[in-house]
1. Is it fair to say Gly149 is within 16 Å of ligand 2 (Cβ to nearest atom), under 23 Å from Asp101 (Cβ atoms), in contact (Cβ under 8 Å) with a residue 12 or more places away in the chain and more than 14 Å from the chain's Cα centre (by Cα)?
2. If you take just the helices (runs of 4 or more DSSP H) that sit entirely in the stretch 179-269, which of them hold at least 1 residues that are over 21 Å from Ile78 (Cβ atoms) and away from ligand 5 (no atom under 14 Å from the Cβ)?
3. Among the residues of the stretch 209-219, count how many are within 12 Å of the chain's Cα centre (by Cα) and buried (at least 24 other Cβ atoms within 10 Å of the Cβ).
4. List every residue pair whose Cβ atoms sit under 6 Å apart, with the two residues 6 or more apart in sequence or on different chains, where the first one lies in the stretch 110-122 and is within 12 Å of Thr238 (Cα to Cα) and the second, anywhere, is of a type in the set (Gly, Ala, Ser) and not in a loop (DSSP other than H, G, I, E, B).
5. Here are some residues: Ala127, Ala161. Which one is farther than 25 Å from Ala235 by Cα, at pLDDT 95 or above and in a loop (DSSP other than H, G, I, E, B)?
6. Could you tell me how many of the residues in the stretch 275-292 are within 21 Å of Gly214 (Cβ to Cβ) and either β-branched (Val, Ile, Thr) or buried (at least 22 other Cβ atoms within 10 Å of the Cβ) (or both)?
7. Find the residue count for the stretch 219-268, including only residues that are away from ligand 3 (no atom under 16 Å from the Cβ) and hydroxyl-bearing (Ser, Thr, Tyr).
Amino acid sequence: MILSHQLFLVVACFVQACFSLMTPSDFERINGMLAPEAYSSTSVPFPAWLAQLANRTDWPAAKPPFIQTPGLDINSGIPSNPLHSLRLDQDMACFSQCSFDCNNCLGPNDIAACPQLLQTFDDGPTAATPALLDYLRQKRQLTSFFIIGTQVLSFPDTLRAERRAGHFIGSHTWTHPYLPSLSNQDIAAELQWTTWVINVTAGVVPRYFRPPYGGLDDRVRAIAERMGLTPIVWAHDTNDWQMVGGTRTENQTLADVQSWINASSTGIMLEHDQAPITVNTGMKIRDMVGAQMYVAPACKSLTAPWYN
Ligand SMILES: *[C@@H]1O[C@H](CO)[C@@H](O)[C@H](O)[C@H]1NC(C)=O
Ligand SMILES: *[C@@H]1O[C@H](CO)[C@@H](O)[C@H](O)[C@H]1NC(C)=O
Ligand SMILES: *[C@@H]1O[C@H](CO)[C@@H](O)[C@H](O)[C@H]1NC(C)=O
Ligand SMILES: *[C@@H]1O[C@H](CO)[C@@H](O)[C@H](O)[C@H]1NC(C)=O
Ligand SMILES: [Zn+2]
């Protein structure tokens, strides 16, 4: 079973990621021989096509403006779910919806389950990410990264290195807001600018996104779908980020993972490449779970394309 999964993953790589987007670095990836990269930061250009589309010449800072692009409609036919703020446990506006974070409700296209247990890393790229990339390269392991747009402006070469190494790259919004609290336009802006910076930096247009805090309801789903993005959430939360503030120990995190392994649990695990401590724990989790891990879109279908 495991062997056939591995075989399928290799075949899937050849069919969709490799044949359709073959570059010299893809050959390196297939051979597991990616050369070490310099991770020094260089700036992200603002290309002419984007300047024309957005009628500006720089990347937005905190609050990205919505850009009306040809053919994009984020109003008609979008559910008018009431806006609500982050994790208000008594907030019926949250609980009355098919909300992932409020009541663990998955939409028909949401990806959380998987035939196996696997890692995913959110909130990068950061200064901590290159150590993880180096480790994964040694282990010849592909993984999944959900990228914050503004982080790309600080660490563009790290995103490029993720792409060159063949890892899966998804969107994690521009500024990491709780999407159900935003207007349709602001949700769309958070997603469109992230798609653009990933495209400009890494040369791929993401097809999947992970909502920050798992904030996902039918309004967010519908807007994301109009923008070509399918949600990937999780089945197991490692709560690794709590180690950064010291309210959780690595042993607690690893014990949770061990209990999922003991129970033969499957599904996507949530981790973060936000800090050295979460990255170090992520390396240990990789060794516990083993080498056969999918990248996240493979949970739905081994031949699902990763990018548009
Ligand atoms: C483009 O932006 C400039 C100001 O930066 C504004 O004067 C102009 O009306 C805008 N054009 C369009 C088509 O929105
Ligand atoms: C991606 O970038 C290419 C240029 O490299 C551009 O032609 C295309 O419109 C971009 N697509 C998106 C969705 O950003
Ligand atoms: C964590 O677990 C390891 C191995 O099981 C053990 O040696 C170590 O003492 C534990 N650390 C803490 C702080 O509990
Ligand atoms: C996992 O199983 C091993 C072997 O049965 C056991 O020693 C260990 O305590 C279990 N760990 C957890 C966290 O359930
Ligand atoms: Zn996040």
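The values are calculated or read from the model by the stated rules, or taken from the named source; none is laboratory data. All values reported here derive from a predicted model rather than from experimental measurement. FYI the Cβ positions are ideal-geometry reconstructions off the backbone, even for glycines, and counts take in every protein chain you see.
1. no
2. Qualifying helices (runs of 4 or more DSSP H): 184-202, 250-262.
3. Residues that pass the stated criteria total 3.
4. Listed by first residue and then by second, the contacts come to Thr120/Ser144; Thr120/Ala296.
5. Exactly one of Ala127, Ala161 is farther than 25 Å from Ala235 by Cα, at pLDDT 95 or above and in a loop (DSSP other than H, G, I, E, B), namely Ala127.
6. Number satisfying all stated conditions: 4.
7. Summing the residues that are away from ligand 3 (no atom under 16 Å from the Cβ) and hydroxyl-bearing (Ser, Thr, Tyr) in the stretch 219-268 gives 4.
Conditions (1) in contact with a Pro (Cβ under 6 Å, 6 or more places away or on another chain); (2) more than 16 Å from ligand 4 (Cβ to nearest atom); (3) within 28 Å of Pro47 (Cβ to Cβ), marked per residue:
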| site | (1), (2), (3) |
| --- | --- |
| Gln185 | no, yes, yes |
| Trp193 | yes, yes, yes |
| Arg226 | no, yes, yes |
| Thr238 | no, no, no |
| Pro276 | no, yes, no |
| Val279 | no, yes, no |
